[in-house]
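Every number in this text was worked out from the coordinates using simple rules, so none of it is lab data. Being a predicted model, the structure only gives us computed values, none of them experimental. We place every Cβ from the backbone using ideal geometry, glycine too, and count neighbours over all the protein chains shown.
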Amino acid sequence: MKIILKEIRIIDPSILLNEINDILIVDGVINKIGNISEEEYKESKIFEMKGKIVSPGFFDMHVHLREPGREDEETIETGSNAAAAGGFTGIACMPNTNPAIDSAEVVRFIKEKSLNHLVDVYPIGAATLNRKGESISPILELYEAGAVGFSDDGNVIKSVGILRNVLEYCKITNAPVIEHCEDESLSDGAMNESFTSTLLGLPGIPTVAEDLIVARDIMMAEYVDGKVHIAHISSKKSVELVRQAKKKGIKVTAEVTPHHFTLTDESLKTFDTNFKMNPPLRSKEDVEAIIEGLKDGTIDCIASDHAPHSIEEKEMEFIYAPNGIIGLETQIGLAVSELVKKKHLTIEQLIEKFAINPRRILNLEIPSIKTGEKANLTILDSELIWTVEVGKFKSKSKNSPFDKKLLTGKSIAVINNSKMFFENKFFNI
Amino acid sequence: MALSSKHLLGLYGVPKEDIQLILDTARTFREVLERPIKKVPTLQGKTIVNLFYENSTRTRISFELAQKRLSADTINFSTSTSSTKKGETFKDTVRNIEAMKVDMIVVRHQSAGVPQYLTKISNANIINAGDGLHEHPTQGLLDMYSINEKLGKLEGLNVCIVGDVAHSRVALSNIFGLKTMGANVSVCGPATMIPIGIEKLGVKVYNKIEDAIKYNNVLNVLRIQLERDAGRRIPSLREYHNYFGITTERIKNLNPEILILHPGPINRGVEISSEVADGEFQIILDQVTNGVAVRMAVLYLLGTMH
């Protein structure tokens, strides 16, 4: 099948491309950029894309799919659908499933289940068996089966000794160790420790609980020359630690979630459990430091930490409610509204943080918009003003604090694996 | 005169007029409690549920008695198991209770924010009887009532809250209420028990109990709550008593005029010596009596709102 994206702005930062042109895609492969013949226009399905932007497909490296184990909250299919609707052509899924992704069988199960979907799904293997932090998981076997990174996400890798082994062992694969940075002896709380937690009488989790582990991990990565990726960075000091480590050439990268650059712990005043996440929402100062970190490249990428929870689990007394929110379908809107519209990042920088850097961290091939390449594309309307309607989300869970929020910027289509998602429908191209 | 809210969720942001109205109304009910027949028909026909998700003797009995004195119909729902373990969600429990047509819910819960949450899922008047480490507004009100009864005013008084302030809902309600009424509020305790940013509330922090006793008119002495893991924040009860305990010797040497309050239950020999607990400086049992009157006032004012 032939389709043409007409008069679209093409932005591909990895090849320094930024131009308005027509793209001809034939059977899922980029056939021509410009110079399209009259005949080809006649034969093709034309998508009028004036004012829209096409970039390499966006990738979310931090998603919880809940399958296997909690298919009532999300499945590989519904999570992938949510990713496509949110503007993503690839995702990495975290290993805190049941069973955990600590055996090749589970990796293969996920790969098989995600086959034939528009969205590519890459499992993150557990760093330790059952994410318990006691003994390292079969990393090479997991890697061979398709795992692209290793993490005990949801938990920190408990002991430094195990962390060292994981970092060293992972070097054979060049895959990063993705750390959920939280000192567990300091993190027995329900929100950020601050004046607000004092006012609300909620037990606090101090930023130093994160900073200590970020410092520990950086030191260990330096010592063994390993690769560590800091998941969902949330504190000012942690951003500074990563910045300094990068200057020294230590192999550390970092991601941030949209909620950590959008919201502060003041939101908790409503006691709405949709504001309960881990790491918790921090202070205005932390948010500002995170935005600085995004601007100067200290923070490499944006990831949702999409964490589906059932209504009955989330609609609970505050201290008992589980942490986390869904984010796949709001994150582009939040990033454009908070970062691009407020002139913190250019659209090119945003595309780097969403399409290029996460794949680079996970050693995945970076799609580019060139003749002969497979079409792996995200199409954005960066001016579209829309209202979040959680009820219409593809995700099986609805735990989002952004319901009814007005956002600017949305993905209107994605293309990958000879499939297109457009106007709320998947179809083959 | 009427209150500005149909709920009592906390004392944070409650206007001075409301607090004054509750304290004035409580005075009337305090007189009722001295009569041979201590019952008035004010809330006849009203149904009140005491929804207690956490162990409580004194607060629950005090509320129940206040309700009975006002001739309301009272139901007690007590459980120390959380809804998560019980299988039925908190919301379902509340909906079931509400389906029985109740007018008011008095709630105590381990989690901060539960009273706020209740206002979203129920139409009843909600009274917070203690939520997590957050607020315990009727305790704050009865403390203010008792101080005022004894000293004749609140404005300009120096009141210090002593103990595990960070893990006390009594402390926050006292701070909010007393500040609104014009008192100067301070806290005193080991640094591990002082919550972060408390000075932003205009609260002074004393590190030494001697200073707290010397410079204040009133000490509100909190219970060291071993059940709330106080053991991780102090080395031992003995050390706590030696350095922060309220003793007759300290009072006599430093400030014999001081008034001692304690929300109970007392740990004798820990935060307060037996001698002080039973002695001339304290009004601990008056607080208990006043608690019934203050709760009658709150129930009456909320229960008769239109």
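Couple of notes before you dig in:
- DSSP-defined antiparallel bridges as percent of all bridges, chain A, nearest 5: 55
- Rounded to the nearest 20 debye, dipole of the stretch B:187-306 from Cβ charges on Lys, Arg, Asp, Glu: 360
- Compared with the direct C-alpha span, the chain from B:S71 to B:T93 gains 5.4 nm at full extension, assuming 0.36 nm per residue.
- Filter on A:K343/A:K405; B:K179/B:K208; A:K353/A:K410 - keep pairs with C-alpha separation over 18 Å: A:K343/A:K405; B:K179/B:K208
- What the phi angles of the stretch B:116-132 give under the Karplus curve with 6.51, -1.76 and 1.60, with θ = phi - 60°, is a coupling list of 4, 4, 4, 5, 7, 10, 9, 9, 5, 6, 10, 10, 7, 9, x, 10, x Hz, glycine and proline written as x.
- Using alpha carbons only, the radius of gyration of the stretch A:114-215 set against its Kirkwood radius gives Rg/Rh = 1.10.
- Database remark: amide H of B:K46 closer than 5 angstrom to the amide H of B:D73 (H placed geometrically; neighbours at sequence offset of 5 or more, or on other chains; Pro and chain starts carry no H).
- Label-point separation in nm, B:K200 to B:L33, each point 7 Å along Cα→Cβ: 3.7
- Loop-located GluC sites (Glu not before Pro) across the stretch B:239-286 with a Cβ neighbour count of 11 or fewer within 10 Å are B:E257, B:E280, with loop assigned by DSSP.
- Counting all C-alpha pairs of chain A, share separated by more than 26 Å (%): 53
- Applying a DSSP loop filter and a limit of 13 other Cβ atoms within 10 Å to the GluC sites (Glu not before Pro) in the stretch A:75-163 leaves A:E134.
- Working from the Cα coordinates of the stretch B:7-67, the gyration tensor eigenvalues give, after taking √(5λ), semi-axes of 21, 20, 12 Å in decreasing order.
- Whole-angstrom Cα spans of the stretch B:137-287 along principal axes, big to small: 38, 34, 26
- Value of relative contact order over chain B, rounded to a whole percent, pairs C-alpha under 8 Å and six or more apart: 21
- Cleavage-rule hits, GluC sites (Glu not before Pro), the stretch B:1-63, DSSP coil, Cβ neighbours within 10 Å at most 12: B:E34
- Between the residues B:L21, B:V107, B:Y145, the greatest Cα displacement towards the positive end of the dipole of the stretch B:1-157, with unit charges on the Cβ of Lys, Arg, Asp and Glu, is found for B:V107.
- Dipole size of chain A about its Cα centre, with +1 on Lys/Arg Cβ and -1 on Asp/Glu Cβ: approximately 800 debye, rounded to the nearest 20.
- Number of partner chain Cβ atoms within 10 Å, mean per residue of A:317-326: 5
- Efficiency of FRET between A:L115 and A:E43 - r from beta-carbon atoms, R0 35 angstrom, step 0.05: 0.70
- Taking amide H positions as modeled 1.01 Å from N, with prolines and chain starts lacking one, the residues under 5 Å from A:N192 and 5 or more places away or on another chain are A:I205, A:L281.
- Cβ-Cβ FRET estimate between A:K425 and A:L364, R0 fixed at 35 Å, reported to 0.05: 0.80
- The distance from the alpha carbon centre of the stretch A:148-183 to that of the stretch B:187-234 is 41 Å, rounded to a whole number.
- Hull volume per residue, based on the alpha-carbon atoms of the protein assembly as shown and their convex hull, is 165 Å³.
- Dipole size of chain B about its Cα centre, with +1 on Lys/Arg Cβ and -1 on Asp/Glu Cβ: approximately 540 debye, rounded to the nearest 20.
- FRET efficiency, A:Q244 to A:N35 (Cβ-Cβ, R0 35 Å, nearest 0.05): 0.10
- Reachable aspartates and glutamates from A:K2, criterion Cα separation under 14 angstrom, eight or more residues apart if same chain: A:D22, A:D27, A:E38, A:E39, A:E40, A:E43
- In order along the stretch A:30-35, the phi-based Karplus estimate (6.51 cos²θ - 1.76 cosθ + 1.60, θ = phi - 60°) of 3J(HN,Hα) comes to 5, 9, 8, 10, x, 6 Hz; Gly and Pro are listed as x.
- Note on the stretch B:152-206: Cα-only Rg and Dmax are 10.5, 34 Å.
- Using the rule -39500 (n - 2.57) for each DSSP H run of four or more residues, divided by the residues of chain B, the 222 nm mean residue ellipticity is -12000 deg cm²/dmol.
- Rough spin-label spacing in nm, given labels placed 7 Å along Cα→Cβ, for A:S135 and B:A191: 4.4
- Available extension along the chain between A:W386 and A:K284 is 34.2 nm, counting 0.36 nm per residue and deducting the alpha carbon span.
- Rough spin-label spacing in nm, given labels placed 7 Å along Cα→Cβ, for B:I121 and B:N253: 5.3
- For the cross-link pairs A:K171/A:K396; A:K42/A:K342; A:K269/B:K6; A:K158/A:K251; A:K284/B:K153, the ones whose C-alpha atoms lie over 31 Å apart are A:K171/A:K396; A:K42/A:K342; A:K284/B:K153.
- Relative contact order [Cα under 8 Å, 6+ residues apart], the stretch B:137-287, whole percent: 24
- Residue-wise HN-Hα couplings along the stretch A:248-258, as the Karplus relation 6.51 cos²θ - 1.76 cosθ + 1.60 with θ = phi - 60° gives them from phi, are 7, x, 6, 7, 10, 10, 8, 10, 9, 8, x Hz; Gly and Pro carry x.
- For the stretch A:229-273 versus the stretch A:295-332, the spacing of their alpha-carbon centroids is 14 Å.
- Computed from Cα atoms, the angle from the helix B:169-180 axis to the main principal axis of chain B rounds to 90 degrees.
- Amide hydrogen neighbours beyond the local backbone of A:H62, cut-off 5 Å, H modeled: A:A92, A:S304, A:D305
- Chain B: angle of helix B:16-32 to the longest principal axis, Cα-based, in degrees nearest 10: 80
- Two-decimal Rg/Rh across the stretch A:178-304, once Rg and the Kirkwood Rh are taken from alpha-carbon atoms: 0.98
- Whole-number percent relative contact order across the stretch A:57-361, with pairs defined as alpha carbons under 8 Å at least 6 apart: 16
- Chain A, helix-only ellipticity at 222 nm - DSSP H runs n ≥ 4, -39,500 (n - 2.57), divided by all residues, nearest 500: -7500 deg cm²/dmol
- Scattering curve values for chain B, log₁₀ I(q)/I(0), Debye with Cα scatterers, q = 0.15 Å⁻¹: -1.18
- Expressed to the nearest 5 percent, the antiparallel share of DSSP beta bridges inside chain B is 5 percent.
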